[in-house]
Amino acid sequence: MSRSPSPSPSKSKDTTDWRVDDATDTPPSEFEAEVTSHLPTLRGRRLTAALAVVAGTGFTLFGYDQGVMSALLTANQFEKVFPQTVVPADGSKPEHATLQSFLVAIYEIGCLVGALSNLWIGDRLGRRKTIVLGGIIMIIGAILQASSYSYAQMVVARIVTGLGNGLNTSTVPSYHAECSPAAKRGSFIMIEGSLITFGIMISYWIDFACFWAQSSSAQWRVPIALQILFALVLIGGITFLPESPRWLVKNGRNAEALAVISALDDKPPSDPDVQRTFIGIREAVAMEGGAGKASLRELFHRGPSQNFRRAALGIVNQCFQQISGINLITYYATLLFERLGINDRNSRIIAACNGTEYFMASLIAIFLIDRVGRRKLMLFGSVGQTLTMVLLAILGAIDNSATQVVSAVLLFVFNSFFAVGWLGMTWLYPAEIVGLRIRAPANALSTASNWIFNFVVVMVTGPAFDHIKWRTYIVFAALNAFIIPVVYLFFPETAGRSLEDMDVVFALAYREGVSPVKVSLRKDVPLAGSPEADEILGLAPQDHQGNVIRRLEEKRRAGDA
């Protein structure tokens, strides 16, 4: 799409407003030329679609890597190379259940380390370079996995793959959220959540297709190696996309940021909406201490910005996704169906169908997230998950052929509730709830929370089913029930608000001494970038972009008149 022409100073005396960079005192003509030089080739819907495809590829890769091991654990060629993972039906080698779980769960440790590394490199490299680095590391890890000939090598390879995935999962949601309009941000990120299940679904069907190659190690090497294709698309695609405008402003690259905002909105840089977004981002940076890298101590700040509360909400949100028990199904789907008395082949078919239904259910959230809101979907999902786990425990205690069939159906039901309420939510909500300055380190910690509890759940699932059987479902029923009151009491609504609007919500709640949940549900909260919001944030007009704000308001009033 062609670039929009820059406004000419001869047409209107007001068109120079957007070209004044107060932070660097850059002359108007130079700032105008710099903005124009950075306008992306892609604009509007094309740019938005490209962002969705690339971000979605990252999450398809994430889902594929999560699901691919499910059926491989019981593949005969996999068991031949890794006999330590074979769990005898007679229970004669109980340590094998632990080794099997460890091989699956060690991936989460790699993801944890990768996510935590974003505390130091996320803001230093920027969103795009971090994603490229994560993709390269995942390719290296996939090559090591696909060429493994020993248990130890496979363990190391899964850690390496996890490092790359940890970097990507703690960066891609922030990058996509920072490049999305408030009205559609929820739907866009929910599409990413659906693509996680799309990746899982693909991995299940590829595992099933390769299951028939029972005389070759290609039975498990090919499914693992195929994830390299997704990583190559991710790396190639990101090179054609602009950097996040929020990160650019934070690092003092204001002309580039204004150019990207203009392209995302498909409007000229002088447009009032583009100006409001640009000014709102700069005010957020100013309120949070200006440009530069955030220190870990800032995560514990309270005050009007409420950094600690907001970072904690993101961390708890990611924790809740994992303690729901979803990954005892994702990672062990084939094994769970085999435990219900279903034969080897049919278990794989049903697991693949389960992944397909999981993907289809996830599409529902895309259409509901911006209409219904975040809180209601989280509560809906948690209630449904609780009831499903209770029924699985009851039927597990009875354990006959009829209850086994119903239990298999309930595993589909659980996936459906989770897909609507929690699948994409925990990649959207942490990116929305925290402020710009701490977004990279806070999302690194929240994603680390996801992987810590993911590791715990996956690690204990095998031994738990071996020792307490169906009672494992009671544990997860209690955990899901616990989530419901916590979400209701402490999780603010973010639907329909820009990322900078949430700064205003928390500052207003602090000033009035009320819960941010109550403020988030109000309709009278001023928009970020407005004089009313400046006053709530403690920013006097002359302190930051004051002249631009006043000129913008005067222009708007003149237009209304």
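The values are calculated or read from the model by the stated rules, or taken from the named source; none is laboratory data. Note that the structure is predicted; figures quoted are calculated from it, not measured. In this analysis, Cβ positions are derived from the backbone assuming ideal geometry, glycine residues included, and neighbour counts consider all displayed protein chains. For the accessible areas, the whole protein counts, side chains as well, though only heavy atoms, and no ligand, DNA or RNA atoms are used. Shrake-Rupley method; radii C 1.70, N 1.55, O 1.52, S 1.80 Å.
Counting just the residues of region 116-144 that are of a type in the set (A, V, I, L, M, F, W, C) and open to solvent by less than 10 Å² (accessible area, probe 1.4 Å), which one comes out nearest to residue 440 (Cα to Cα)?
Result: 131.
Of the numbered conditions (1) within 19 Å of the chain's Cα centre (by Cα); (2) without any contact (Cβ under 8 Å) to a residue 24 or more places away in the chain, residue 175 fails exactly one; give the number of that condition.
(2)
Does residue 304 satisfy being open to solvent by 10 Å² or more (accessible area, probe 1.4 Å) and assigned by the TED database to the domain that holds residue 76?
It is true that residue 304 is open to solvent by 10 Å² or more (accessible area, probe 1.4 Å) and assigned by the TED database to the domain that holds residue 76.
Look through 315, 261, 366 and report the one residue that is within 25 Å of the chain's Cα centre (by Cα), open to solvent by 50 Å² or more (accessible area, probe 1.4 Å) and of a type in the set (A, V, I, L, M).
Matching residue, one of 315, 261, 366: 315.
Let me confirm something: among 202, 159, which residue is under 29 Å from residue 363 (Cα atoms) and open to solvent by 30 Å² or more (accessible area, probe 1.4 Å)?
Step by step, each of 202, 159 is checked, and only 202 is under 29 Å from residue 363 (Cα atoms) and open to solvent by 30 Å² or more (accessible area, probe 1.4 Å).
If you take the residues in region 318-333 that are open to solvent by less than 10 Å² (accessible area, probe 1.4 Å) and of a type in the set (Val, Ile, Thr), which one is modelled with the highest pLDDT?
326
Which condition number does residue 343 fail, the rest of (1) over 23 Å from the mean Cα position of the chain (by Cα); (2) of a type outside the set (Gly, Ala, Ser); (3) modelled with pLDDT under 75; (4) open to solvent by 40 Å² or more (accessible area, probe 1.4 Å) being met?
Among (1) over 23 Å from the mean Cα position of the chain (by Cα); (2) of a type outside the set (Gly, Ala, Ser); (3) modelled with pLDDT under 75; (4) open to solvent by 40 Å² or more (accessible area, probe 1.4 Å), residue 343 violates only (3).
Only residues that are at positive phi and either outside any helix (DSSP H, G or I) or within 17 Å of the chain's Cα centre (by Cα) (or both): list them for region 441-497, please.
Passing the criteria: only 496.
Is it fair to say residue 359 is farther than 18 Å from residue 495 by Cβ, open to solvent by 10 Å² or more (accessible area, probe 1.4 Å) and under 24 Å from the mean Cα position of the chain (by Cα)?
yes
So, in region 283-297, of the ones that are open to solvent by 10 Å² or more (accessible area, probe 1.4 Å) and in contact with a helix residue (DSSP H, G or I) (Cβ under 6 Å, 6 or more places away or on another chain), which residue ends up modelled with the highest pLDDT?
285
Among the residues of region 483-496, is any open to solvent by 10 Å² or more (accessible area, probe 1.4 Å), modelled with pLDDT of 90 or more and of a type in the set (Ser, Thr, Tyr)?
Looking for residues that are open to solvent by 10 Å² or more (accessible area, probe 1.4 Å), modelled with pLDDT of 90 or more and of a type in the set (Ser, Thr, Tyr), one finds at least one in region 483-496, hence yes.
Where residues in region 145-156 are open to solvent by 60 Å² or more (accessible area, probe 1.4 Å) and touching a residue at least 12 places away in the same chain (Cβ under 8 Å), which of them is farthest from residue 107 (Cα to Cα)?
Taking the candidates together, the pick is 149.
May I ask you to say which residue of 440, 419, 397 is aliphatic (A, V, I, L, M), within 23 Å of residue 359 (Cα to Cα) and either modelled with pLDDT of 85 or more or in contact with an Asp or Glu (Cβ under 6 Å, 6 or more places away or on another chain) (or both)?
Answer to the selection: 419.
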